[in-house]
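**Q** To start, I am sharing the structure in question, which I have written as structure tokens.
What follows is calculated from the coordinates using simple rules that are stated; it is not laboratory data. No experiment lies behind these values; they were computed from the predicted model shown. As a convention, Cβ positions derive from the backbone with ideal geometry for all residues, glycine included, and neighbour counts pool all protein chains shown.
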Amino acid sequence: MNLHNLKPAKGAVKSGKRIARGQGSGRGGTSTKGHKGQKSRSGWSRKRNFEGGQMPIQMRLPKRGFKNPNRQAFTAINLGRLQEIHDKHGLSDITLDALVEKGIANKSDKIKVLANGELKAKLTINVHAISETAKKAIESSGGTVNLV
């Protein structure tokens, strides 16, 4: 046995359907597509979510709410997290650039400081927003807050 006389086993390979090759092929005429109509034409495809003419589910269900195009999404950082950042990285000046450099926030994030947790360190914080209780806690520990 050589490479030039290798063949698959008998009956293992089946030849494909040869459609529209005349009446003698058994698949001539309408080429297995029935008679006329949209489905027999080339390029036909059913619409997504088409339910046979029944009212589609996305039109039957009620629509609720809306997406506010002017929404500002903030990334929240709690006081406890700021204390961890100070202890781990030794940062006393918290800015967006410092947080991005340490991999804590993304460059496009807007940072808001919230009052959950306890802060003992004296920090200077430059952020986009801050809650009133968080601001009081930072200032009571001797730190300062600047809004960007």
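**Q** Considering amide H positions built from the backbone, and no H for Pro or chain starts, which residues 5 or more places from S131, or on another chain, come under 5 Å of its amide H?
**A** Under 5 Å from the amide H of S131: V113.
**Q** What do you get for Rg/Rh of segment 75-147 when both radii come from the Cα atoms and Rh is the Kirkwood radius?
**A** Working: Rg = 10.8 Å, Rh = 11.8 Å.
Expressed as Rg/Rh, it is 0.91.
**Q** Further, regarding this structure: Near the amide H of V145, under 5 Å away, which other amide H atoms are found, from residues 5 or more places off or on another chain, if H is placed in the peptide plane?
**A** Answer set, sorted by chain and number: I125.
**Q** Here's something else I'd like to know. List the chymotrypsin sites (Phe, Trp or Tyr not before Pro) within segment 1-80 that DSSP assigns to loop and that have no more than 13 neighbouring Cβ atoms inside 10 Å.
**A** Details: sites: W44, F50, F66, F74; in loops: W44, F50, F66, F74.
Loop-located and lightly packed - W44, F50, F66.
**Q** With θ taken as phi - 60° and the coefficients 6.51, -1.76 and 1.60, list the Karplus ³J(HN,Hα) couplings across segment 45-59 in order, rounded to whole Hz; mark glycine and proline as x.
**A** With coefficients 6.51, -1.76 and 1.60, one gets 8, 6, 5, 4, 6, 6, 10, x, x, 5, 4, x, 4, 5, 8 Hz.
**Q** When we measure straight from the Cα of K110, which lysines land under 29 angstrom away, once same-chain ones fewer than 8 places off are left out?
**A** K67, K88, K102, K120, K122, K135, K136
**Q** How large is the convex hull of the Cα atoms of the chain per residue, expressed in Å³ as a whole number?
**A** Values: hull volume 53.3 nm³, N = 148.
Enclosed volume per residue, from the Cα hull, is 360 Å³.
**Q** Under a 5 Å amide H to amide H cut-off, with H placed in plane at 1.01 Å, what residues pair with K110 once short-range neighbours are removed?
**A** Sorted by chain and number, the residues that satisfy this are T75.
**Q** Can you find, among N116, T75, G65, the residue farthest towards the positive end of the dipole of the chain? Put +1 on the C-beta of Lys and Arg, -1 on that of Asp and Glu.
**A** Sorting the options by dipole projection puts first G65.
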